[in-house]
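To keep things clear, I will list the structure first and then write my remarks on it.
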Amino acid sequence: MTVIEVVRPGMSTTVQDWPGRVGYWQVGVPPSGPMDDLSFRLANTAVGNDEGATGFEATLGGPALRFDTDTWVCVAGAPAPVTVGGQLRPMWQPVLVPAGEVLDIGMVAGPGLRIAVAIAGGVSAEIYLGSASTFTMGKFGGHEGRSLQVGDKLRSAGAATGPRRRIGADEQPAIASRWELAVTVGPHSAPEFFTPNDIETLYTTDYEVHFNSDRTGVRLIGPKPEWARPDGGEAGLHPSNIHDNAYSVGALDFTGDTPILLGPDGPSLGGFVCPVTVTAADRWKLGQLAPGATVRFVPVRTEHAAPATELGALRRASAPAVFSAGGDEDGGILGRGRTADGEVEITYRRSGDDNILVEYGEMRLDLELRARVHALHTALDEQAPGGLIDLTPGVRSLQIKVDPARLSQRKLADLLAETEAALPPAEQLVVPSRTVRLPLSWDDPATREAIQRYMHGVRSDAPWCPWNIEFIRRMNGLDSVDDVHRVVYDAEYLVLGLGDVYLGAPVATPLDPRHRLVTTKYNPARTWTPENAVGIGGAYLCIYGMEGPGGYQFVGRTTQVWNHRHPEPAGGFEPEHPWLLRFFDRISWYPVSAEELTDLRADMAAGRGTVDITDGEFSLAEHDRFLAANAADIDAKRTRMEQARAEERQRWADAGEFAAPRKESV
């Protein structure tokens with residue numbers, strides 16, 4: 001095997017393979033893989049590899065690599081100078097690097113941002129959850145879960161199995177500084193969430209790529225939406241807030257008023273609306289969107305979207321311009337139906353050309369709706385139809401991701417209707433439900449630091465600053481922050497989804513509605529959140545699985561919910577998977593100091609920690625009886641909380657925090 005020595009790592013050079021880490025979206029593991037998969041796959045083809053073979057992707061500037069044997073390579077993607085032994089060599093075709101010589105790839109010299117490097121035979125790298133792709137924020141995959149560093153030594157994976165060939169000019173993707181992205185409408189568009197004017201603005205505006213963009217998402221600079229509703233209700237105070245559902249890679253996610261195109265390292269679950277989604281064949285362009293470039297969204301009809309599973313189809317879709325006679329005029333809604341008992345309406349929403357988002361009932365928090373999601377999830381999992389890739393449940397929704405070449409959206413919609421008709425009544429739901437007791441360091445110093453970073457680097461005048469807990473108190477009409485403390489520690493939180501901000505992070509809600517503290521999410525979102533911070537957004541609680549962006553209002557910090565550091569599972573984790581929690585687990589808290597939490601976290605990371613877990617079950621019928629027995633007190637407390645939120649919303653409107661929607665848009 002060839003030894004590949006890193007002489008210079010370049011700018012954020014990582015090991016990737018294609019299609020990346022699929023099948024774990026429901027527990028918050030993104031696919032990763034090359035952000036510009038078209039250039040990556042073509043580079044592999046040039047050196048005779050399978051198109052998905054493991055290789056390198058660099059951002060802005062390429063690496064310098066030395067090989068100890070004669071090795072064929074291909075450099076593709078954004079234009080950059082390529083030399084071997086100091087002599088210029090072309091991109092987009094096989095180049096022989098003699099033993100001992102250095103392949104040197106310089107800085108991007110034109111439009112675009114990312115460079116693909118294919119090595120004949122591929123690169124040998126760690127396989128984690130089925131893929132060698134690097135997810136740097138999760139610290140796994142690739143080479144030690146990180147970007148390359150000077151002195152790293154990797155090995156080739158073997159020999160190429162196919163012929164080498166040059167990638168012709170007509171096959172190469174056109175890389176520009178002004179881009180047009182083909183998008184399908186949905187899942188959450190006008191007139192429910194955005195006004196018709198908002199969508200018109202979306203299609204006629206040249207958005208600018210913000211410098212604060214990365215593999216998780218491409219931030220855009222553009223006009224602020226009018227919005228078609230005053231707020232998100234129980235999901236949060238801002239009109240962009242919704243009850244958490246699964247995202248698609250390529251979705252245009254409005255985190256508050258900030259539009260972000262979600263990338264291959266983006267979150268699988270979240271509580272913000274996405275009016276359009278980039279088609280699968282055009283998602284490679286996200287990898288070449290450099291800061292300062294402009295983006296125009298072009299709506300296309302779903303049936304006209306180019307398939308993205310075959311490389312030949314990708315080549316035909318490789319130009320930066322999109323030519324379209326218009327998009328679907330259905331607001332992203334593929335159809336509506338009702339459950340078999342006729343009690344609940346179902347909405348089938350388009351989420352790109354490779355997902356359908358199934359939503360149950362009205363936009364409210366109701367555990368009966370989550371029971372219906374679970375029934376559909378279980379039935380589809382058992383059927384395992386050909387072409388099914390991922391099933392990702394949210395609070396009142398289930399996203400079904402498919403290979404559209406094997407299972408079209410039309411056929412999938414028919415399958416969903418047939419499956420729904422055979423589902424049992426929701427009230428029959430009885431599922432395993434463990435009680436998981438976790439430590440909580442209240443108002444932990446790490447969360448205070450995150451708030452300070454936000455105030456210094458993002459926004460200093462936000463109503464939730466400088467203390468999130470005081471904001472939660474005000475939002476819910478409580479007398480003191482001690483009342484916030486009491487409610488959080490008294491509550492028992494039912495896990496409705498996993499992967500809410502990555503890696504097994506739960507989205508959970510108190511079983512007792514009197515414990516449901518409702519707040520809004522940060523607008524714009526934080527750029528940094530400490531690992532295992534605990535926050536509240538809307539009526540939901542989240543434990544952040546790792547460091548990264550976030551928007552929930554902090555209450556404290558706890559121990560790990562993802563075991564990605566120790567080779568042996570610690571108490572509570574199981575050998576076959578690194579996530580701690582399961583759907584329908586019940587989380588309760590016990591207080592610890594910040595110093596005690598530091599010791600507990602160290603124990604968990606070292607593999608000697610323990611978690612107090614008790615087996616049990618959750619019965620929807622039993623829960624409904626509890627709600628009926630306490631209905632009067634529940635209604636009284638919720639009325640008080642809703643009045644406090646109305647007052648806070650009015651304070652925001654008076655201060656111009658967000659513009660009130662026009663009457664005709666409501």
#### Entry: Total residues in the range 627-655, condition aliphatic (A, V, I, L, M), farther than 19 Å from Met475 by Cβ and surrounded by 12 or more Cβ atoms within 10 Å (Cβ to Cβ)
1
#### Entry: Criterion: on the phi < 0 side of the Ramachandran plot, assigned to a strand (DSSP E or B) and in the same structural domain as Gly52 (by TED's automatic domain parsing) - qualifying residue of Ala109, Ala76
Ala76
### Qualifying residue in the range 86-102 (condition: without any contact (Cβ under 8 Å) to a residue 12 or more places away in the chain, part of a strand (DSSP E or B) and of a type in the set (A, V, I, L, M, F, W, C))
yes
### Task
Could you please give the count of residues in the range 494-524 that are at pLDDT 95 or above and either of a type in the set (Val, Ile, Thr) or in the same structural domain as Gly270 (by TED's automatic domain parsing) (or both)?
2
### Task
Give the range 450-466 a look and list any residue that's under 21 Å from Ala594 (Cβ atoms) and out of contact with any Phe, Trp or Tyr (no Cβ under 9 Å at 6 or more places or on another chain), or say none.
Gln452, Met455, Pro466
### Query
Taking strands (runs of 3 or more DSSP E) that fall entirely within the range 532-626, which contain at least 2 residues that are surrounded by 24 or more Cβ atoms within 10 Å (Cβ to Cβ) and of a type outside the set (Lys, Arg)?
533-537, 540-543, 553-557
## Note on the structure
Residues in the range 457-486 that are touching a Leu at 6+ places or on another chain (Cβ under 7 Å) and assigned to a loop (DSSP other than H, G, I, E, B) total 1
### Message
Testing Ile221 on (1) touching a residue at least 24 places away in the same chain (Cβ under 8 Å); (2) within 28 Å of Gly33 (Cα to Cα), one condition comes back false. Which one is that?
### Response
(1)
### Query
Going through the range 260-280 one residue at a time, which ones are touching an Asp or Glu at 6+ places or on another chain (Cβ under 7 Å) and within 22 Å of Gly326 (Cβ to Cβ)?
Cys274, Thr279, Ala280
### Message
Testing Arg164 on (1) out of contact with any Pro (no Cβ under 6 Å at 6 or more places or on another chain); (2) assigned to a loop (DSSP other than H, G, I, E, B), one condition comes back false. Which one is that?
### Response
(1)
### Message
With in contact with a Gly (Cβ under 6 Å, 6 or more places away or on another chain) and surrounded by fewer than 16 Cβ atoms within 10 Å (Cβ to Cβ) as the only criterion, which of Ala118, Ala159 stands out?
### Response
Ala159
### Query
When you look at Ala109, is it of a type in the set (A, V, I, L, M), over 18 Å from Gln149 (Cα atoms), surrounded by fewer than 24 Cβ atoms within 10 Å (Cβ to Cβ) and modelled with pLDDT under 95, yes or no?
yes
## Note on the structure
If we keep only residues of the range 253-294 that are hydrophobic (A, V, I, L, M, F, W, C) and assigned to a loop (DSSP other than H, G, I, E, B), then the residue surrounded by the most Cβ atoms within 10 Å (Cβ to Cβ) is Cys274
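Per-residue answers, yes or no, for (1) of a type in the set (A, V, I, L, M); (2) closer than 24 Å to Glu303 by Cα; (3) touching a strand residue (DSSP E or B) at 6+ places or on another chain (Cβ under 7 Å):
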{"position": "Asp403", "(1), (2), (3)": "no, yes, yes"}
{"position": "Leu412", "(1), (2), (3)": "yes, yes, yes"}
{"position": "Leu423", "(1), (2), (3)": "yes, no, no"}
{"position": "Gln452", "(1), (2), (3)": "no, no, no"}
{"position": "Met455", "(1), (2), (3)": "yes, no, no"}
#### Entry: All strands (runs of 3 or more DSSP E) inside the range 325-422 with 2 or more residues being more than 24 Å from the chain's Cα centre (by Cα), without any contact (Cβ under 8 Å) to a residue 40 or more places away in the chain and within 20 Å of Phe272 (Cβ to Cβ)
none
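The values are calculated or read from the model by the stated rules, or taken from the named source; none is laboratory data. Everything numeric in this text was worked out from a predicted model, so none of it was measured. A quick note on method: Cβ atoms are made from the backbone with ideal geometry, for glycine too, and the neighbour counts reach across all protein chains shown.
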